Amino acid sequence: MHGQPAGYWSDDSSMTLCLADSIGKVGYYHTHDIMARFDDWVHNGAYTPGGKKFDIGNTCAWAIDRYQKGCTPALCGSNKMNENGNGSLMRILPMAFVLYKKYGIHITKSKRAMEDIHKISGLTHRHPLAQSACGIYLAIAVRILDGYELKAAIREGVYEALQWYGSHKKYQIVLDYWEKISDPDDLASLPNAIIYSGGYVVETMETVLWTLMNTNNYRDCVLTCVNMGYDADSTAAIAGGLAGLYYGYDSIPAEWLDQLAAKEIINDCIDGMERYCQSIQGQPGVLPNLR
C-alpha cells in the first residue's frame, strides 16, 4: 500500500499508537497531549516505522491543522455530516482497556465514560454519527474483554449502545443510520455483494460487524476485510482490533508478526498503557496479554 515495504503500517496504526502512548504517559487522557502526538506524527513522522507519514484522511488532516493553528482540541474535529469518515473509529480501541478497568462492561451506565469516548472521537470527528460509532464499538470491545463469546458481545454491545443513544436527544438524529447493524444476525445474513467497505463510518461499521459475524479466526477476519478493497486498511484494522481481543495474540499469523517493522515503537506504547491500566482501581477484570 502506497508503495511501502512489507510490515509498515498506515495512519490507522499510527494514530492508535498516539492514543495508547498518551494514555500511558499522561494517565487516562489529556486532549492537548493526544493532539500534540497527532501533530508530531504528521509533521515529524513519529509513530511510524519509516520516520515519515505517508497516509492521512482529510478530516483528520484538517483537525490536526486546526490544532497547530491554535484551536482548542475539543473544537478541532469536524461536526459536519459529510465528514463522517472512520478516522476516529479506527484509533479508539486503546480506550477499551481503560474503560473496562474503570467501569466494566456497562460503560453506557457511566456519563463520564460516554463523554470521554465522544471527546476523544471529537478531536477529529465531532459529529454525533462518528461519536456514536466509537461508543458502539467500545461497548462490544469491553464485553470481549469480559470473556463474552464474540457474537454475544456484538449483539449485546450494539443493543446497549443503541439504547443509550436512543435516550439522548443529541444522538437520536443518527439512530436511523444504524438500522442495518441493530440486528447483527440479520446483518450477518446479507450477501457479501451488498457489503461496501468504504471510508464512511456507517459502511465501515457494517463491514466490520458483518466480517466478525461471518468468520471464525483472526486471519480470515482480517483477510476478508482486505479483500473487500476500498478502505481496506481501516476496515481491517477496526475489525482486526476486535478479532485480536477475542482470538488472542497467538492467533495472529507468525509470518505477519515476523515482518512487522519497528516493533520497539509498538512495544513502548503498549508498555506504558499496560502499566497505567494495571494501576487503575476499578473493576477486578484481568486484561489480556497484548503481545
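Mind grabbing the base-10 log of I(q)/I(0) for segment 143-257 at q = 0.19, 0.21, 0.23 Å⁻¹? Debye formula, identical points on the C-alpha positions, no solvent, two decimal places.
-1.02, -1.19, -1.35
Run the numbers on the chain and let me know its relative contact order in percent, using alpha-carbon pairs under 8 Å that are six or more apart.
About 22 percent, as a whole number.
Restricting things to Cα coordinates, could you compute the convex hull volume per residue of segment 1-159 in Å³?
Spelled out: Cα convex hull of segment 1-159, divided by residues, is 123 Å³.
Return the carbon/sulfur percentage of the accessible area of segment 1-57, one whole number, probe 1.4 Å, all protein chains in place.
48 percent
Leaving out ligands and nucleic acids, and using a 1.4 Å probe, what accessible area per residue does the chain come to in Å²?
I get 42 Å² per residue for this part.
Which one of Ile56, Ala74, Ala6 has its Cα pushed farthest toward the positive end of the charge dipole of the chain, where Lys and Arg give +1 and Asp and Glu give -1 at the Cβ?
The Cα lying farthest towards the positive end belongs to Ala74.
Please check: in the Gaussian network model of the chain (C-alpha springs, under 10 Å), which one of Cys60, Cys221, Cys71 has the largest mean-square fluctuation.
Taking springs between Cα atoms under 10 Å, the residue moving most is Cys71.
Could you identify which residue out of Trp256, Trp210, Trp62 has the top mean-square fluctuation in a GNM of the chain using Cα springs shorter than 10 Å?
Trp256
Could you tell me the center-to-center distance, by alpha carbons, between segment 10-83 and segment 160-205 in angstrom?
First find each Cα centre; the distance between them is then 26 Å.
Over segment 214-265, what is the mean sequence separation of C-alpha contacts under 8 Å (at least six apart), divided by residue count, expressed as relative contact order in percent?
Rounded, it is 36 percent for segment 214-265.
Determine the relative contact order of segment 145-286: mean sequence separation of Cα pairs under 8 Å and six or more apart, normalised by residue count, in whole percent.
17 percent
Convex hull volume of the Cα atoms in the chain, per residue, in Å³?
Hull volume normalised by residue count: 117 Å³.
From largest to smallest, what semi-axes in whole angstrom does segment 85-212 give when each is the square root of 5 times an eigenvalue of its alpha carbon gyration tensor?
Gyration-tensor ellipsoid for segment 85-212: 21, 17, 14 Å.
So how exposed is Met81, as accessible area in Å² (1.4 Å probe, rounded to 10)?
80 Å²
If r is the Cβ-Cβ distance from Asp258 to Asp55 and R0 is 30 Å, what FRET efficiency results, to the nearest 0.05?
The formula returns an efficiency of 0.80 here.
GNM on the chain, C-alpha springs below 10 Å: top fluctuator among Ile280, Ile92, Ile144?
Ile280
Suppose every K and R has +1 on its Cβ and every D and E has -1 on its Cβ; what is the size of the dipole of the chain about the Cα centre, in Debye to the nearest 20?
940 debye
In this model, which of Lys25/Lys170; Lys80/Lys180; Lys102/Lys151 are farther than 31 Å apart at the alpha-carbon?
Going by Cα-Cα distance, Lys25/Lys170 fall outside the 31 Å limit.
Would you work out if segment 132-203 is rounded, prolate or oblate? Take a ≥ b ≥ c from the square roots of the eigenvalues of the alpha-carbon gyration tensor; rounded if a/c is under 1.5, else prolate when a/b is larger than b/c, oblate otherwise.
It comes out oblate by the Cα gyration axes.
The values are calculated or read from the model by the stated rules, or taken from the named source; none is laboratory data. Given the structure is predicted, the values throughout are model-derived calculations rather than measurements. Cβ coordinates were reconstructed from backbone atoms using ideal geometry, including for glycine residues, and neighbour counts include every protein chain displayed. Protein only, heavy atoms only, side chains kept; ligands, DNA and RNA dropped before computing areas. Shrake-Rupley method; radii C 1.70, N 1.55, O 1.52, S 1.80 Å.
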